[in-house]
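Trainee: Quick one: this structure, given as structure tokens, is what I'll be asking you about.
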Amino acid sequence: MKGTKLQHTVGLVIAGVVLAAAALLWIIVDSTSPPSDEPPIQRMAVGIWNIVYENQVPDIIVLSAAVLLAGFFASGIGLADRRIATLARRSSNTTAKPLGPAVVMAETRGIYAGPLTVTVLIPAHNEASHITATIASLKIQSRPPERILVVADNCTDNTVELAQKAGVDVLESVDNTKKKAGALNQALKGLLPTLKDNDVVMVMDADTNLDDGFLDSAARRLTEDRALMAIGGLFYGEEGYGILGQFQRNEYIRYAREMRRRRGRVFVLTGTASLFRSRALRTIAASRGTRLPGTPGEVFDTAALTEDNEITIALKSLGALMISPHECTVVTELMPSWKTLWAQRLRWQRGALENIGAYGITPPTLRYWAQQLGIGYGVIALSAYFALMVITMLAMDNWIWFPFWLGLGIIFSVERVVTVWRGGWRARILAMTLFPELLFDMFLNLVYVKGVVDISLGRKADWKHITADGSLDSRAER
């Protein structure tokens, strides 16, 4: 793969572009007229409070540049994303886009591959505390799966015994050192040859519970549209864990809302619960080492820290059609402490960087590159915002209100509340207070910076498993 040349420089590329963009904005700001020396205005409110305020607004050139740049990038990325998806859907190139809808429809016209069946794979490493409930959520579905297979990977607890007691099949991995992806590859090696093209494999985390109707809706969509290659779930956070848990729940609610606004267009086929046609998985395995990074014959790339993100990019690179319907929802485990959350998000961030580095800059990865650049620019913007607030408070003798910035802050606060409205009153109150969530965003920004620095310096990445008691179980380093 020609994209592998970016694998170890992706952090430097992103950091360089983001810093260059920030420098450009700084030059624009510095080139504008200096602020007026007029003193702030003082007024009495209700005859009690002496309000000091500054009614100046930023230079019109700065405002125009900011608005135009934001609009250009947002609309440009959106239009490019739609254009790329449209071309993939219409492509009849069986070599470049073997899973494109036009190719699949042409090849399957008039062919009956049998009734749709669902086989669920649950990769599990020491998941005794969750496995019973996860299996139960599958069995009570209005449309239950035909088979449930727990893939027990190097378990030292009683996960295997509990799964067998629940009445499902269990496959124990053999000498697996490749984490979750390696265990799934072992299971799929024996499973895929037995499946017809219309059969579906669902990969589901052992700490996830499906909402009722998930499989019924997914199976119906896959039956009605034979060009559809994969369906991803929308995930929501479980209850508990205080304010840290609410931070994560709010984050997941906003992500699900964004997916609804995208009309189900997939960004990531979440590892919590996603379904794949067997045809799609076989095509991925056959494309590894040529069109896709990875080992020939393996479905999941064992070099990837985030196998769900990587397989999404793999499917998009092959032209596959996939969606995340609003009715396919799951409830997943939250991180119980800041330490475990840091480990989880660092793995996600490092994995995302490695994935786009492995694939390089291609039409299917364009939006993923844009996301990383946007996050990087957001890190600089939010850090500068907090720094400016601290400097302003230290430099001024009196508190001065700035109506322009206060108005923008109110609009931002309203947006934060509206986007978590479905989460209930706790979610709304936390969003309304604004600054706690901004501090949580700063925490995630630090994770981002750590990921960029680590990959730029060539540091090895860990895959850490969160144990039932909330501690970290560090697994094989790469």
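Trainee: Would you calculate the separation in nanometres between label points at S413 and L434, each defined as 7 Å from the Cα along the Cα-to-beta-carbon direction?
Mentor: 0.5
Trainee: Let me ask another. Between K165 and W405, what FRET efficiency follows from the Cβ-Cβ distance if R0 is 60 Å, with the result rounded to 0.05?
Mentor: Working: r = 60 Å, r/R0 = 1.00.
For K165 and W405, the calculated efficiency is 0.50.
Trainee: Continuing with this model, one more query. Helix 278-287 against the longest principal axis of the chain: what's the angle in degrees, Cα atoms only, rounded to the nearest 10?
Mentor: 80
Trainee: Also: If the chain between V67 and A22 were fully stretched, how many nm would it gain, using 0.36 nm times the residue separation less the Cα-Cα distance? Please list the in-between numbers first.
Mentor: Details: separation 45, 0.36 × 45 = 16.20 nm, distance 1.48 nm.
Residue separation times 0.36 nm, minus the Cα-Cα distance, leaves 14.7 nm.
Trainee: What's the magnitude of the charge dipole for the stretch 91-334 around its Cα centre, counting Lys and Arg as +1 and Asp and Glu as -1 at the beta-carbon? Answer in Debye, nearest 20. Spell out each step's value before the answer.
Mentor: Values: 28 positive and 29 negative charges, 249 e Å.
Its charge dipole is roughly 1200 debye.
Trainee: Rounding to the nearest 10 and keeping the result within 0 to 90°, find how far the Cα-based axis of helix 242-261 lies from the longest principal axis of the chain.
Mentor: That works out to roughly 80 degrees.
Trainee: Cross-link list K97/K316; K139/K165; K196/K316: which exceed 18 angstrom alpha carbon to alpha carbon?
Mentor: Details: K97/K316 9 Å; K139/K165 14 Å; K196/K316 22 Å.
Violating the 18 Å Cα-Cα cut-off are K196/K316.
Trainee: Classify the chain from the C-alpha gyration tensor, please: rounded if a/c falls under 1.5, else prolate or oblate depending on whether a/b exceeds b/c.
Mentor: Details: a/c = 2.01, a/b = 1.68, b/c = 1.19.
Because a/c hits 1.5 or more and a/b exceeds b/c, the chain counts as prolate.
Trainee: Could you calculate the contour length gain from R263 to A387, that is, 0.36 nm times the residue separation minus the distance between their Cα atoms, to one decimal place in nm?
Mentor: Working: separation 124, 0.36 × 124 = 44.64 nm, distance 3.79 nm.
Here the answer is 40.8 nm.
Trainee: Something else: At R422 and A395, where each label point lies 7 Å from the Cα along Cα→Cβ, what is the point-to-point distance in nanometres?
Mentor: Roughly 4.3 nm, to one decimal.
Trainee: While we're looking at this one, here's another question. From the phi angles alone, apply the Karplus equation (6.51, -1.76, 1.60; θ = phi - 60°) to the stretch 450-459 and give each ³J(HN,Hα) in whole Hz, x where the residue is Gly or Pro.
Mentor: Values per residue, Gly and Pro as x: 4, x, 5, 5, 4, 6, 5, 8, x, 6 Hz.
Trainee: Quick check on the stretch 134-226: what does the Kirkwood estimate of hydrodynamic radius come out to from the alpha carbon pairs, in Å? Before the final figure, lay out each step's value.
Mentor: Details: mean 1/r = 0.0687 Å⁻¹.
Value: 14.6 Å, from the Cα pair sum.
Trainee: So what is log10(I(q)/I(0)) for the stretch 315-380 at q = 0.16, 0.27, 0.28 1/Å, when the Debye sum runs over its Cα atoms only?
Mentor: -0.83, -1.10, -1.11
Trainee: What whole-number value in cubic angstrom gives the convex hull volume per residue for the C-alpha atoms of the stretch 91-334?
Mentor: 120
Trainee: How many percent of the alpha carbon pairs in the stretch 168-293 exceed a separation of 24 Å? Display every interim value, and only then the final one.
Mentor: Details: 3051 of 7875 pairs.
Tail of the P(r) past 24 Å holds 39 percent of the pairs.
Trainee: Can you tell me the 0 to 90 degree angle between the C-alpha axis of helix 366-395 and the longest principal axis of the chain, rounded to 10?
Mentor: That works out to roughly 30 degrees.
Trainee: Would you work out the charge dipole size for the chain about its Cα centre, treating the Cβ of every Lys and Arg as +1 and the Cβ of every Asp and Glu as -1, and quote it to the nearest 20 debye? List each step's numbers first, then the result.
Mentor: Values: 50 positive and 45 negative charges, 336 e Å.
In debye, rounded to 20, the chain gives about 1620.
Trainee: What full-extension length gain, to one decimal in nm, is calculated for H326 and D216 as 0.36 nm per residue of separation minus the Cα-Cα distance? Mind dumping the intermediate values first?
Mentor: Details: separation 110, 0.36 × 110 = 39.60 nm, distance 1.30 nm.
My answer for the length gained is 38.3 nm.
Trainee: Which one of T223, T156, S129 has its Cα pushed farthest toward the positive end of the charge dipole of the stretch 91-334, where Lys and Arg give +1 and Asp and Glu give -1 at the Cβ?
Mentor: Value: T223.
Every number here is computed from the coordinates shown, using simple stated rules; none is lab data. Only a predicted model underlies this, so the values are computations on that prediction, with no experimental measurement involved. Here Cβ is always computed from backbone atoms with ideal geometry, including for glycine, and neighbour counts include all displayed protein chains.
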